[in-house]
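These notes concern the structure reproduced below.
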Amino acid sequence: MPQLFPKWTNRLPLIAAVAGAGAVVAVIGFFWYYGSPWYTDVGYRPKQPVPYSHKLHAGDLGIDCRYCHTAVEKAAFAGVPPTQTCMNCHKLILPNSEKLLKVRESWATGEPIPWVRIHDLPDYAYFDHSIHLHAGVGCESCHGNIARMEVVTEQEPLSMGWCLDCHRNPDPQLRRPEDVTKMNWKPGKGHDEFVARNKADKHIKPSQDCAICHR
């Protein structure tokens, strides 16, 4: 009986299996990257109601983070500064600026400025700013170099894997108390000795237990 199909068709099942496996890997890779915080969150910078420049205030003028975010050393949340904080300076500095119109309106009416939150963890994840600052983790480790940002942009994914990487090896992020708000900080001479002493004195042993963040 004559052969109905050419010999190469014998390889079709293998070709189909390889193509199918490749397609599965491609789909997984697509969702792994484009569905991850590295793609969806990093680079997020919403338009704010007032064009506040961290580069000017924290960078050029050298205002410490804690002047505006007063609760960061005492509470889980860093806190959004009230309008009073802005007006401490802007009663006298640029009091008639068009850019500060909403600040003056907020001051006059008592209604808070509707700032848009940028670094927003999901409700099922618990994070305490005060614990991390007490341990010596700097603002820059999570927020990037704020002092260079005209518009604050999310720099890190703040994902579970990213947090766990730091919990497994926190040493590169630990600083002296006076350095936690410094930008462009680099570990100096004797950093390893400081870290070892700091971890021992403060009993720093970052947990990897689920219940630490998912309470």
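Here are the numbers for the structure shown:
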{"quantity": "Residue list for segment 124-138, filter: surrounded by fewer than 20 Cβ atoms within 10 Å (Cβ to Cβ) and out of contact with any Cys (no Cβ under 8 Å at 6 or more places or on another chain)", "calculated": "Tyr124, Asp128, Ser130, Ile131, His134, Ala135"}
{"quantity": "Residue satisfying all of: in segment 176-215; among the hydrophobic types (A, V, I, L, M, F, W, C) and buried (at least 16 other Cβ atoms within 10 Å of the Cβ); farthest from Gly62 (Cα to Cα) among these", "calculated": "Cys213"}
{"quantity": "Within segment 57-104, tally of residues that are within 27 Å of His134 (Cα to Cα) and among the aliphatic types (A, V, I, L, M)", "calculated": "9"}
{"quantity": "Which listed residue, of Gln48, Gln84, is among the polar types (S, T, N, Q) and in a helix (DSSP H, G or I)", "calculated": "Gln84"}
{"quantity": "Residue in segment 100-120 that is among the acidic types (Asp, Glu), assigned to a helix (DSSP H, G or I), open to solvent by 40 Å² or more (accessible area, probe 1.4 Å) and at negative phi present", "calculated": "yes"}
{"quantity": "Count of residues meeting criterion [outside any helix (DSSP H, G or I), out of contact with any Pro (no Cβ under 7 Å at 6 or more places or on another chain) and not β-branched (Val, Ile, Thr)] in segment 162-186", "calculated": "9"}
{"quantity": "In segment 30-47, the residues that are modelled with pLDDT under 80 and either open to solvent by 60 Å² or more (accessible area, probe 1.4 Å) or over 33 Å from the mean Cα position of the chain (by Cα) (or both)", "calculated": "Phe30, Phe31, Trp32, Tyr33, Tyr34, Trp38, Tyr39, Thr40"}
{"quantity": "Selected residue (criterion: most open to solvent (accessible area, probe 1.4 Å)) from residues of segment 148-161 that are at pLDDT below 95 and in a helix (DSSP H, G or I)", "calculated": "Met160"}
{"quantity": "Selection status of Ser141, at pLDDT below 95 and surrounded by 15 or more Cβ atoms within 10 Å (Cβ to Cβ)", "calculated": "no"}
{"quantity": "Residue identified as surrounded by 10 or more Cβ atoms within 10 Å (Cβ to Cβ) and either modelled with pLDDT of 80 or more or on the phi > 0 side of the Ramachandran plot (or both) among Val27, Val50", "calculated": "Val50"}
{"quantity": "Matching residues, segment 52-103, being charged (D, E, K, R), in contact (Cβ under 8 Å) with a residue 12 or more places away in the chain and farther than 25 Å from Gly136 by Cβ", "calculated": "Lys55, Lys99, Lys102"}
{"quantity": "Of all residues making up segment 197-213, the number that are farther than 20 Å from Leu164 by Cα and of a type in the set (A, V, I, L, M, F, W, C)", "calculated": "1"}
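The values are calculated or read from the model by the stated rules, or taken from the named source; none is laboratory data. Predicted model only: the values in this text are computed from it and were never measured. So basically every Cβ, Gly included, is an ideal-geometry build from the backbone, and we count neighbours across all protein chains shown. Remember, those area values only see protein heavy atoms, side chains included, never the ligands or the DNA or RNA. Shrake-Rupley method; radii C 1.70, N 1.55, O 1.52, S 1.80 Å.
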